[in-house]
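S.K.: Dumping the structure here so I can ask a few things about it.
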Amino acid sequence: MGDIIDKAAALIRCKECPWYKNCITPIQVGAEEIGQFRLMLQGANLPEQAKTEMEQILESIASTSQNMILQSCPVFTQRLKDNPKLAQQIKETMQNWGKEEESGK
């Protein structure tokens, strides 16, 4: 009986999540976030060259992070933490992505 209640609770928790059916998305660092950082730098007591270098570093990090970092919903994150087998299945799926198509050719 406990398994049924746990599964129902997990389903309800998922459907109530604001990320529902959008469990993972690439991190979004846009002009607004960079603008906020620039405002913070203006208030800092740094030489102008240091501010310019910091802005360039931030823009580089923002560009790189969008290709490397994912945001995930708290329900999905918790499920991965609670179930190492699930995480392993996802890892294997990603590692084998496209191999079935290649072997079929």
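The values are calculated or read from the model by the stated rules, or taken from the named source; none is laboratory data. Quick caveat, the model's predicted, so the values are computed rather than measured. No Cβ is skipped: glycine too gets one built from the backbone with ideal geometry, and neighbour counts run over all protein chains shown. Just the protein is used for accessible areas: all its heavy atoms, side chains included, with ligands, DNA and RNA removed. Shrake-Rupley method; radii C 1.70, N 1.55, O 1.52, S 1.80 Å.
S.K.: Can you give me the relative contact order of the range 25-97 as a percent, contacts being Cα pairs under 8 Å and 6 or more apart?
M.R.: Taking the mean separation of contacting Cα pairs over the length of the range 25-97, I get 43 percent.
S.K.: While we're looking at this one, here's another question. Work out, step by step, the length gained on full extension between residue 14 and residue 99: first 0.36 nm times the residue separation, then minus their alpha carbon distance; give nm to one decimal.
M.R.: Going from the current span to full extension adds 27.5 nm.
S.K.: In nm, give the distance between the simple-model label positions of residue 22 and residue 58, each being 7 Å from the Cα along the Cα-to-Cβ direction.
M.R.: In this crude label model, residue 22 to residue 58 measures out at 2.5 nm.
S.K.: Using R₀ = 25 Å, calculate the FRET efficiency as 1/(1 + (r/R₀)^6) where r is the Cβ-Cβ separation of residue 72 and residue 31; round to 0.05.
M.R.: Efficiency computed from Cβ-Cβ geometry: 0.55.
S.K.: With a probe of 1.4 Å, find how much accessible area the chain has per residue, and write the answer as a whole number in Å².
M.R.: In whole numbers, the chain has 84 Å² accessible per residue.
S.K.: Here is a further query. Sticking with the crude label model, points 7 Å out along Cα→Cβ, report the distance from residue 86 to residue 3 in nm, one decimal please.
M.R.: 1.6
S.K.: Counting only protein heavy atoms, what percent of the accessible surface of the chain is carbon or sulfur at a 1.4 Å probe?
M.R.: 56
S.K.: Still on this structure, I have one more. Beyond 28 Å between alpha-carbons counts as too far, so tell me which of 51/81; 7/99; 15/85 fall in that bin.
M.R.: Too far apart for the 28 Å limit: 51/81; 7/99.
S.K.: Next question. How long are the three semi-axes of the equivalent ellipsoid for the chain, computed from the Cα gyration tensor as the root of 5 times each eigenvalue, in whole Å, largest first?
M.R.: They are 39, 23, 11 Å, listed largest first.
S.K.: Would you please name the trypsin sites (Lys or Arg not before Pro) within the range 1-85 that are DSSP coil residues with at most 12 other C-beta atoms within 10 Å of their C-beta?
M.R.: Taking the range 1-85 and a limit of 12 other Cβ atoms within 10 Å, the loop trypsin sites (Lys or Arg not before Pro) found are 21.
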